[in-house]
């Protein structure tokens, strides 16, 4: 998903881990456009609820959701988080 986002924005990203790539996309999109980046998170809990019977998958989904939230908050004021 992050690869598709960076490609659609015409951004060359070097980092491969989720947190690094997401942060890089936010920063490079901000640098390219000169405007704050808005991250809209829809149904952030759906992957967790869909996998409630699979604790390992649900836990990983929760971890990834926290990464996106923390990364977005750490990038303020270049990023605005909305849900």
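The values are calculated or read from the model by the stated rules, or taken from the named source; none is laboratory data. Treat the numbers as computed from the prediction; the structure is a model and nothing was measured. Positions of Cβ are generated from backbone atoms using ideal geometry, with glycine treated the same way; all protein chains shown enter the neighbour counts.
For this structure, a couple of remarks:
- All positions within segment 25-47 that are assigned to a helix (DSSP H, G or I) and either in contact with a strand residue (DSSP E or B) (Cβ under 7 Å, 6 or more places away or on another chain) or farther than 13 Å from residue 72 by Cβ (or both): 26, 28, 29, 30, 31, 32, 33, 46, 47
- Residue pairs whose Cβ atoms lie under 9 Å apart, separated by 6 or more positions or on different chains, with the first residue in segment 1-16 and at positive phi and assigned to a loop (DSSP other than H, G, I, E, B) and the second at pLDDT 90 or above and surrounded by 10 or more Cβ atoms within 10 Å (Cβ to Cβ), are 10/32.
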